[in-house]
Amino acid sequence: MTAPAISAAGLTKVYGYLVAVNHVTLSVEKGALFGLLGPNGSGKSTMIKMLTGQIRPTGGTATVLGLDVQQDPIGVRERVGIIPEQETPPSFLSAAEYLQFVGAIRKIPDIKERAAWWFDFLDFADKKDVLCKDLSRGTRQKLMFAQAFIHKPELALIDEPLINFDPIMQHVVKDYLTAYVKAGNTIFLSTHILEVAEEICSGFAILHKGNILHTGTVSDLKTEHRHLDDFFLALVQRDRNA
Amino acid sequence: MPELFIAMVKEEWRVHSTMFGSISFALFPILIFWIAFMGSFLLPLMRQALPAGELSLVLHANYLMLGFMVGAFGLLGAEVMNRRFGQASLLTYSARSLPLSERFIFANFVIKDTLYYFVLWVFPLALGFLLASPFIGVPVTLPLLLSLTLTLSFLSGLCAVFFLSSVYSRSKPALAAILVVIAGAGGALALLTGQNPARYFPPLMLFTTFSWENLVLSCLAIAVLFCISIWLFTPETSDATKHYPDMLTPLARKLSFFPTPPLAAKDLIDMYRSGGMVGQTLFSFAIPLVVIWFFLSLLNGYLPSYGVLLEFAIVTGVIASTMYTWITMFDTYGAYACLPVSVRTLIKSKIASFSVLQLIPAVFVALAALLSGQVLYLVPAVVLCLSISFYSLGITIWLTGLSPSVLVYNVKVMATYLVLIGIVLIILSAVAFAAPFAALAAVILLLPAAFFARLGFAKWEAREQPGF
């Protein structure tokens, strides 16, 4: 049995009096498209930030691709792709320059060719010379998507990757993610769009107020003839009432 | 429409209190008050070396410069806020969504800044001086007059920046022409009267000789600048379709001797495209320093011949160290959070970019030495300036990491900075005045600079960075 792509044990993040993530333990196998689901403010983004070494956990441990996140956050970020919650490419670089910049930091030799492929694939080649600050949110999201996958990482942690895309682009991206996972890679996706999760995720966890309420697989739900959104709403409602 | 004005004041307070904490920020005017109160007791001592009038010149110059800097920040505020807080937006930039004209909002913005910074900077200083005045034999009217003239100095700086930037947005050659005319007028005034033209700065004239004419002149100068600024004001229109050639790749190649060429290239592109290279150099560096030169040159009679140049080099060094804020104000660590870049790497890269920018103060001080006929002391002046700049940089990195423009208002940070810088400045001033070439020894400051920077690397690497 191979080591999991992501393993978290008792992961906790506390901000003052707010427990954003509370002793979360989970494991994501390699080759999975895992969805972390939860309403706004449930701690999904905080989880991704902790798993990518962007913020330090208050408690617990996590390993990503076998690397201890707290011991080697830069090592983790070298090997994974990340799409943050807010699309924040540098304001005064053009889209093409930003991908060049990412390529230079990540030491990608054929960055020009790869960037050209992404501009074509996500259909924004006409915007490649426009400054990031002047791009629409959707185009900025395309750019962030490209930077996360341009170094062909074996694991990508992506926070609400479809939220600013139009239906056509959503379709393109969902197909890409599915093919990416079929090629043996892993995706850890955070979203509150349950249709997306139900459509493309294999495993999922439901997070509410920083606590994991449930972990399971979409196929198990289908076997039980249950829909993810009904299941999710019932679970969150029960937790709210508890 | 007072609602907008009140909302802007609240917004300004919340911006600062969010960044520094309510209590910490509220303590800032108390710190200014305390410095003014305690400093007032040193006045009798200072008077033995310098007439009180000359001290007031330096004070007015400082408030004029504060006006310049606040005005410059106001113009760049939206971009800075967005980088600092993500999707932040200020009321000043909300005209598109409110049924208000941009000119009306701009006018409210200027009035809000005046009141806000009066309460923050001018009032505490005047109050400290006022409360100390009975103990040091100063008439009570003097602090009251000072509070008026310092406010007018601040406003002059603020409106001058708005005026110059409004002209700049309309026509760059017109701005150049105006600056040449101002320089020419100053020179002509100096030739005709045999006096430093800084003496004709209206708020200073008002402080030196109170008269209703001088008061009207001071107010009129500000009002004219303000009205022309509003008249010339053009709302920013961004051309979303504007295309830019790739500068990053060739620039990074040219900077290959840097530790991380793409980061350094990005810093320089940020500055160039944001207008910071010209704007910051002009409004936050060149203009304030020219003003300071004028004021310092008033001390010619009280200092050795090389004294003004070396004192200017010291002040330039301190101001040059603020160039670190130029290269950190447009991004937060959050922009790098999805890349394998550590805080240490990022700060080191900023130091490299900062080192390139130090060409500006070096050339500036060298020009001052040449133009003032003190070419003999050019090398000590440049060494003094750069040593102080790098020393201040080391302290800034240690105290504020990648957020110097945010943490400067933190009372503890500010007090530590002032003490660490102040001690060195006093010692260096004394050494330089006693033996100008001994100022070359200032190069030793590079050691504590490196020490503080290393402390900073460890400190900020261990901390969670803002912007996530």
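The values are calculated or read from the model by the stated rules, or taken from the named source; none is laboratory data. Quick caveat: nothing in here was measured; it's all calculated off a predicted structure. Virtual Cβ from ideal backbone geometry, glycine too; neighbours counted across all protein chains shown. The protein model used for the area step is the full one, side chains on, heavy atoms only, and it has no ligands, DNA or RNA in it. Shrake-Rupley method; radii C 1.70, N 1.55, O 1.52, S 1.80 Å.
Among the helices (runs of 4 or more DSSP H) contained in region B:303-403, which hold 3 or more residues that are open to solvent by less than 20 Å² (accessible area, probe 1.4 Å), assigned by TED's automatic domain parsing to the domain that holds B:G456 and in contact with a Ser or Thr (Cβ under 6 Å, 6 or more places away or on another chain)? The helices (runs of 4 or more DSSP H) meeting that bar are B:307-321, B:378-400. Selection of region A:126-153 for residues being part of a loop (DSSP other than H, G, I, E, B) and more than 13 Å from the chain's Cα centre (by Cα) yields A:K128, A:D129, A:V130, A:L135, A:S136, A:I150, A:H151, A:K152.
Please indicate, with yes or no, whether at least one residue in region B:19-29 is modelled with pLDDT of 75 or more and either open to solvent by 70 Å² or more (accessible area, probe 1.4 Å) or within 14 Å of chain A (Cβ to nearest Cβ) (or both). Checked region B:19-29: at least one residue is modelled with pLDDT of 75 or more and either open to solvent by 70 Å² or more (accessible area, probe 1.4 Å) or within 14 Å of chain A (Cβ to nearest Cβ) (or both). Beta carbons closer than 9 Å, at least 6 apart along the sequence or on distinct chains, pair a first residue in region A:120-143 that is within 8 Å of chain B (Cβ to nearest Cβ) and without any contact (Cβ under 8 Å) to a residue 12 or more places away in the chain with a second that is open to solvent by less than 40 Å² (accessible area, probe 1.4 Å) and in a loop (DSSP other than H, G, I, E, B) for A:D134/A:S91.
Within region A:140-188, being open to solvent by 10 Å² or more (accessible area, probe 1.4 Å) and hydroxyl-bearing (S, T, Y) holds for A:Y176, A:T178, A:Y180.
The residues of region A:155-184 that are part of a loop (DSSP other than H, G, I, E, B) and either more than 13 Å from the chain's Cα centre (by Cα) or of a type in the set (F, W, Y) (or both), listed by number, are A:N164, A:F165, A:D166, A:A183, A:G184. Regarding region B:171-178, can at least one residue be identified that is surrounded by fewer than 22 Cβ atoms within 10 Å (Cβ to Cβ), modelled with pLDDT of 85 or more, assigned by TED's automatic domain parsing to the domain that holds B:V110 and outside any helix (DSSP H, G or I)? No, region B:171-178 contains no residue that is surrounded by fewer than 22 Cβ atoms within 10 Å (Cβ to Cβ), modelled with pLDDT of 85 or more, assigned by TED's automatic domain parsing to the domain that holds B:V110 and outside any helix (DSSP H, G or I). Annotation note: of B:Y417, B:Y391, the sole residue that is aromatic (F, W, Y) and within 30 Å of B:R14 (Cα to Cα) is B:Y417.
Conditions tested, residue by residue: (1) within 14 Å of B:L66 (Cα to Cα); (2) out of contact with any Ser or Thr (no Cβ under 9 Å at 6 or more places or on another chain); (3) open to solvent by 50 Å² or more (accessible area, probe 1.4 Å); (4) assigned by TED's automatic domain parsing to the domain that holds B:W293.
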| position | (1), (2), (3), (4) |
| --- | --- |
| B:F109 | no, no, no, no |
| B:T114 | yes, no, no, no |
| B:S156 | yes, no, no, no |
| B:V180 | no, yes, yes, no |
| B:L189 | no, yes, yes, no |
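Taking first residues from region B:220-232 that are of a type in the set (V, I, T) and partners that are open to solvent by less than 70 Å² (accessible area, probe 1.4 Å), the Cβ contacts under 7 Å between residues at least 6 apart in sequence or on separate chains come to B:I222/B:L152; B:I222/B:L155; B:I222/B:S156; B:I222/B:C159; B:I228/B:F163; B:I230/B:F106; B:I230/B:A107. Could you tell me which residue of region B:202-226 is modelled with the lowest pLDDT, considering only residues that are open to solvent by 80 Å² or more (accessible area, probe 1.4 Å) and assigned to a helix (DSSP H, G or I)? In this case the residue turns out to be B:T208. A single entry from A:Y98, A:Y15 fulfils the requirement of being more than 18 Å from A:F149 (Cα to Cα) and without any contact (Cβ under 8 Å) to a residue 60 or more places away in the chain: A:Y15. Restricting region A:61-97 to residues that are in a loop (DSSP other than H, G, I, E, B), more than 7 Å from chain B (Cβ to nearest Cβ) and over 17 Å from A:L189 (Cα atoms), which is most open to solvent (accessible area, probe 1.4 Å)? This residue is A:Q71. Take region B:409-420 and flag every residue that is touching a residue at least 40 places away in the same chain (Cβ under 8 Å) and crowded, with 16+ Cβ neighbours inside 10 Å. Hits for region B:409-420 are B:Y409, B:N410, B:V411, B:M414. Kindly provide the set of residues from region A:31-62 that are touching an Asp or Glu at 6+ places or on another chain (Cβ under 7 Å) and either of a type in the set (G, A, S) or free of Cβ contacts under 8 Å to residues at least 12 places away in the same chain (or both), ordered by number. Of everything in region A:31-62, just one residue is touching an Asp or Glu at 6+ places or on another chain (Cβ under 7 Å) and either of a type in the set (G, A, S) or free of Cβ contacts under 8 Å to residues at least 12 places away in the same chain (or both), namely A:S45. Taking region B:421-468 as the range and being among the basic types (K, R) and touching a residue at least 24 places away in the same chain (Cβ under 8 Å) as the test, the residues that pass are B:K459, B:R463.
Taking into account only those residues within region A:38-60 that are crowded, with 17+ Cβ neighbours inside 10 Å and over 30 Å from A:G138 (Cβ atoms), which is farthest from the other protein chains (Cβ to nearest Cβ)? Residue satisfying both the conditions and the ranking: A:G60. The condition of being among the basic types (K, R), more than 24 Å from the chain's Cα centre (by Cα) and at pLDDT 65 or above does not hold for B:R96.
Only one of the listed residues (A:L99, A:L93, A:L155) is closer than 22 Å to A:F34 by Cα and hydrophobic (A, V, I, L, M, F, W, C). That residue is A:L155.
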